[in-house]
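Working notes, structure below.
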Amino acid sequence: MSTLLVALLSAVGFIVAYNTYGRYISRKIFGLSDENTVPSREMRDGVDYVPTRRWIVFGHHFTSIAGTGPIVGPAIAVFWGWLPALLWVIFGSIFIGAVHDLGSLIVSLRSRGQTIGDVAGRMISPRARILFLFILFLALAIVIGVFGLVIAVIFSVYPQTVLSVWASLPIAVALGFWLYKYNGRLMAPSLLALAIVYFMVYLGAYHLPISFQDLLGIPLFAGSDAGLIGGLSSAVVLWTLILLVYCFVASTLPVWMLLQPRDFVNSHQLVVTLLLIMGALLVAHPEFVAPAVNSHAPGDAPPLFPFLFITIACGAVSGFHCLVSSGTSSKQIEKESDAPVVGYGSMLLEGGLAVLVIIACCAGIGMGVWRLEGGDFVPITDASGAALTGQAAWAQYYGGSWVSMSLVKKVGAFIEGGANMLGALGIPIKMGIALIAVMVACFAATTLDTATRLQRYVLQELGGSVSFLPVLKNKYTATTVAVVTGGALALVPGPSGPGSGGLILWPLFGAVNQLLAGLAFMVIAFYLIRHKKPIWILAVPGILMVVLPAWAMFHQIAGWYAEGNWLLFLIGIGVEILQAWMIWEGALMWNQAKGTLPDPLPPLAHSPQGGRSC
């Protein structure tokens, strides 16, 4: 089947969905109105609550929710064939993911920017709030661990990305000061910033790759026999530790200083990359070389049903998105009419990204596979010396077992497959790999420090709710706990020593992530029934996101028990107990909540701070 046709039909479907179903939900279900006061103005403090132009918030929100989720998930799921992955991405994004993200954003907008956990306390019960906050803590710890590890692996395997990713930070800070302190114009400076980033990509690719392996002579991983102390001296572990320090600093800065401008520039990167890939599809129009439905998936692969629906999370629906919607984006939106673009539109664009990832992994990989040799990428060849292409190339990449496919390959499938397609536009493979790897690393970094900021909010809320945790109310203490817990999970020992075991967190991330989406649907449903609004749009999505992840989690728990993997076993059991308890709390309150408005928010303790909008 034509990959170009798949891409075009998907894009048309997303555009039609936004202008029909998205508008219906916004206007008829939630009744958005610019007459309503938004948190960014009511609670303005110049740090977290900052009224911000629509497209800047869109850039922040999209790059925060995208990260590597819609890249790694589809790259794994195509083991079962490209067609099931594609259908789940398209229909999941339109009818489940975008509804979840928009609903979470709106209920937070109308709750003074409270996180979804705090909203649960008002809409369901105070006990539900505590339960939800603990679930959020577990979910965010996993997100920080997984995404920190992904960036560390990208830096270690693709050293040409390091210079441009770190150089983008001072560029973003300068742009933030220009916009916020001097009320400067937006578009021209942001395009200049993007041009500088791309110049750094060129330098990193051809002149200044930065590699701990080359500079310090240390391996990617230290090996399973290195022990904890010896295992810490590996490239992935060193990058992980550096990234955690960055997270602490970035997540405590005002949003206008780094988060907003960096994310806006990153969104430009995505648009350029998407346009380049679409242009490459027009020129090369590669065919799928992977099977549409793979009935011969590796024997150690879990069953397609229900695991497809947790393996592809962020590309179709993701509970993490409710944290971004209610944790940061709701505090920056300038007026309610901006919510559909930010909430519903961002999820559809993420679905579009996931579609291109599927194409890159299932068609782009067929254009050739590569290995790094002497600083250059050289093609992998068959016994006769001919470069592997077509089904042979895909089989070489995906022909192993489910378990043995490393994180490097899972991320690399999109990076190298996408770079192959860019070659149709005359972009050399080294530059193509650098362009896409930098975009992936920048997106993951955005998700990483946004997740750390969100974890700080959650811990501060727990500190204010649980009598024996008052120390967590302190901003810097809460951030320290967020960084340490996420880092501890990232450095779980695995087959290749500390750090390599973090990959086993991915299945846990998928299941917890989707369970969180189910619980967010429950909170949105309580908001609607309390305000006498119809909830039919949430019925099927909510049930699916409670049942399918729980089913997959029980399957995994049984496997972890058999393997003696007690860390994941205990986390899995704990998450299932918290989820069941949360649903029970909802069931007890359902009839009582119908048509009963929630308790009003308490009066503000202080006047909001003035200042310019960003």
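The values are calculated or read from the model by the stated rules, or taken from the named source; none is laboratory data. Worth saying up front: this structure is predicted, and the values here are computed from it rather than measured. Counting neighbours? That spans all protein chains shown, and the Cβs are built from the backbone with ideal geometry, glycine included. Just the protein is used for accessible areas: all its heavy atoms, side chains included, with ligands, DNA and RNA removed. Shrake-Rupley method; radii C 1.70, N 1.55, O 1.52, S 1.80 Å.
Descriptive notes on the structure:
- Search result, residues across region 523-546 that are farther than 13 Å from I96 by Cα and either small (G, A, S) or out of contact with any Leu (no Cβ under 8 Å at 6 or more places or on another chain) (or both): V523, A525, F526, Y527, I529, K532, K533
- The number of residues in region 372-391 that are in a loop (DSSP other than H, G, I, E, B), open to solvent by 70 Å² or more (accessible area, probe 1.4 Å) and under 23 Å from H285 (Cα atoms) comes to 1.
- Helices (runs of 4 or more DSSP H) fully within region 1-115 counting 3 or more residues that are surrounded by fewer than 17 Cβ atoms within 10 Å (Cβ to Cβ): 3-17
- Residue, nearest to L138 (Cα to Cα), within region 296-337, restricted to residues that are of a type in the set (D, E, K, R) and not in a helix (DSSP H, G or I): D300
- Scanning region 245-261 for residues that are part of a helix (DSSP H, G or I) and within 23 Å of A141 (Cβ to Cβ) turns up V245, Y246, C247, F248, V249, A250, S251, T252, L259.
- Across region 395-410, the qualifying residues are those that are in contact with a Phe, Trp or Tyr (Cβ under 9 Å, 6 or more places away or on another chain) and not charged (D, E, K, R), and the one among them that is surrounded by the most Cβ atoms within 10 Å (Cβ to Cβ) is Y398.
- Taking the criterion of being small (G, A, S) and surrounded by fewer than 20 Cβ atoms within 10 Å (Cβ to Cβ), the residues of region 521-564 that qualify are A539, A558, G559, A562, G564.
- Within region 446-471, the set of residues being open to solvent by 10 Å² or more (accessible area, probe 1.4 Å), out of contact with any Ser or Thr (no Cβ under 7 Å at 6 or more places or on another chain) and at pLDDT 85 or above comprises Q460 only.
- Some residue of region 431-444 being assigned to a helix (DSSP H, G or I) and over 17 Å from V197 (Cβ atoms): no
- Scan region 327-359 for residues that are open to solvent by 10 Å² or more (accessible area, probe 1.4 Å) and in contact with a strand residue (DSSP E or B) (Cβ under 7 Å, 6 or more places away or on another chain) and the total you get is 1.
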